[in-house]
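Undergrad: My questions will all concern the structure given below.
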Amino acid sequence: AKLKNGIQYALFPTTTRDDKVYATIALDFGTAESLKYKAELLDLMSYLILRASDKQSLQQISDKTIEVGGSASVSSAMNGLNIQISAKKEHFEDYFKYILNVLKNPIFEQSQFDLIQSQSLSSLDRPYTEPDTVASLTFARLVEKYEPGDLRYHFEPEHAVKQFKAATRDQVIDLYRKFFETHHARVAVTGEFKPKAMQKLIK
């Protein structure tokens, strides 16, 4: 079904072997033009957004996740984010609300930004001489039709390194403030739950 604000959702109540409920939230925002040269910033934002909020530290978020037997992760996907949330069925509603609150109030700590920026650059610091990688990059370059900076542009190691080095915490915060909008979302939930109660939770 669809909420009045445009959010689409799909519910699939069923039993699971681990007695958990699983939710996926797909967020889309911006355009190819407005998000030009922001692919790496989206990657950084997806990593940082669940690391701490204005009221919850990273340790508190970790403790809460362990307490409910849950997990929560965010990954960038073209012009948006994919959010995965799961928890034991008896704790799912509380944990779902908890994670959404963190997502809506991140603080993007400088220390965490420095850490992921360093890790990202370290992962890119290699020769890329493996046959499969060379073949993949060569083919991508031959068929490429987008300009560097476009979200659809193929992965190019030197370009990625340049963008990660130039990225700042303030740019990540600005990206979040301008584009993070939960009204442009699709939500899917599966697990053992009561459909009417889940509809109410999503609304």
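Undergrad: Out of I83, V189, S46, whose Cα points farthest toward the positive end of the dipole of the chain (charges: +1 Lys, Arg; -1 Asp, Glu; placed on Cβ)?
TA: V189
Undergrad: A further question on this structure: What is the spin-label model distance, in nm, from L142 to K97 if the labels are put 7 Å beyond Cα along the C-beta direction?
TA: Modelled inter-label distance: 5.6 nm.
Undergrad: Here's another thing I want to ask about it. If I take R0 = 22 Å and measure r between the Cβ atoms of Q199 and N82 in this structure, what FRET efficiency does the formula 1/(1 + (r/R0)^6) give, to the nearest 0.05?
TA: Rounded to the nearest 0.05, the efficiency is 0.50.
Undergrad: Another question, then. Quick one: putting +1 on the C-beta of Lys and Arg, -1 on the C-beta of Asp and Glu, what dipole do you get for region 25-142 around its Cα centre, in Debye to the nearest 20?
TA: Result for region 25-142 is approximately 160 debye, rounded to the nearest 20.
Undergrad: Give, as a single signed number, the net charge of other residues whose beta carbon lies under 10 Å from the beta carbon of N101, with Lys and Arg counted +1 and Asp and Glu -1.
TA: Combined, the nearby Lys, Arg, Asp and Glu give +2.
Undergrad: Lys and Arg at +1, Asp and Glu at -1: add these up for the other residues within a Cβ distance under 11 Å of D19 and post the number.
TA: The answer is +1.
Undergrad: Can you order the peptides 132-143, 15-26 by their average number of other Cβ atoms within 10 Å per residue, highest first?
TA: The densest-packed peptide leads the list: 15-26, 132-143.
Undergrad: Now, a different point. When a/c reaches 1.5 or more, the comparison of a/b and b/c decides; with that in mind, is region 1-122 rounded, prolate or oblate per its Cα gyration tensor?
TA: Verdict is oblate for region 1-122.
Undergrad: In angstroms, what radius of gyration and Dmax does region 89-161 have, counting Cα atoms only?
TA: 18.9, 52
Undergrad: Say the cut-off is 25 Å between C-alpha atoms; which of K97/K165; K4/K97; K88/K203 go over it?
TA: From the list (K97/K165; K4/K97; K88/K203), the Cα-Cα distance tops 25 Å for K97/K165.
Undergrad: Say R0 is 35 Å: what FRET efficiency, to the nearest 0.05, do K104 and H159 get from their beta-carbon distance?
TA: Computed FRET efficiency for K104 and H159 comes out at 0.65.
Read-outs: derived from the displayed coordinates by stated rules, not from any lab. Keep in mind the model is a prediction, meaning the values are calculated, not measured. Positions of Cβ are backbone-derived with ideal geometry, glycine not excepted, and every protein chain shown enters the neighbour counts.
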